[in-house]
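Values quoted throughout were computed directly from the atomic coordinates according to the rules given, and no laboratory measurement underlies them. The structure displayed is predicted, hence computed values, not measured ones. We place every Cβ from the backbone using ideal geometry, glycine too, and count neighbours over all the protein chains shown.
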C-alpha cells in the first residue's frame with residue numbers, strides 16, 4: 001500500500017500543468033470633423049482721400065480661414081462718386097483700381113488688381129469681380145489671423161472733378177471652397 005500512495009501523489013503532480021495564457025485586444029477608433037470656416041473683418045478703414053491729385057489709400061482686413069477660400073469684392077458705384085451734378089467739362093465720378101493682397105499660412109500671397117468698373121454687380125472680368133465664380137483664390141491654402149491689404153489707387157481724369165464729397169462702398173465677401 002505504501003507504494004500506491006507514492007504513485008498517487010506522483011500522478012496528481014503530473015496532471016497539474018498550467019493552461020496557456022489567453023490575451024484579448026480591443027480596437028477603438030476615434031474620429032471627428034472640423035468644418036471649414038472663413039471670416040473677414042475690418043482691421044483699418046480707408047482714410048479720407050485727397051482727390052485734387054492722383055494718389056492712393058489703403059485699408060486692412062483680418063482674414064481667418066482654416067481651409068481654401070475665395071474672395072470677391074462688390075463696388076456700389078463702380079467709381080468714387082458725388083451726388084453733385086457735373087456741368088460741361090466736369091465729371092462727378094473718379095475711377096480707381098483696387099488691389100487686394102492676402103498673405104497665406106505657407107508664406108505665399110494671393111493677390112489681384114481690378115478696375116472699379118469691374119467690381120459692380122454682374123461683372124466677372126476680374127478675379128475680384130462679384131460675378132467671378134472662382135474669385136481671388138487661395139489655391140486651397142489657409143490664412144489664419146492674416147492681415148489683408150486693400151489699396152485703392154486713382155489717376156485724375158482728363159475732365160475736372162466737380163466739387164463735392166466722393167465715395168464708394170466696397171463689400172468684401174469671403175467663402176470657404178473645397
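Per-residue ellipticity at 222 nm for the chain, helices alone: DSSP H runs ≥ 4 residues times -39500 (n - 2.57), over residue total, nearest 500 deg cm²/dmol?
Values: 1 runs with 14 residues, N = 178.
Roughly -2500 deg cm²/dmol at 222 nm, from the helical runs in the chain.
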So the FRET efficiency between residue 87 and residue 44, C-beta based with R0 = 45 Å and rounded to 0.05, is 0.80
Length released on extending from residue 60 to residue 21, taking residue separation times 0.36 nm less the Cα-Cα span: 7.2 nm
With each label point set 7 Å from Cα along the Cα-Cβ vector, what nm distance links residue 30 and residue 120? 5.6
Here are labelled values, (i) 23, 18, 17; (ii) 26, 20, 14; (iii) 77, 13, 11, and one is the computed semi-axes √(5λ) of the Cα gyration tensor in Å for what I pasted. Which one? (iii)
Using 0.36 nm times the number of residues separating residue 105 and residue 163, minus their current alpha carbon distance, what extension gain do you get? 16.4 nm
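Return a whole-number percent for the relative contact order of the chain, with Cα pairs under 8 Å and 6 or more residues apart as the contact set. It would help to have the intermediate numbers written out before the result.
Details: 387 pairs, mean separation 54.4, N = 178.
Computed over the chain, the figure is 31 percent.
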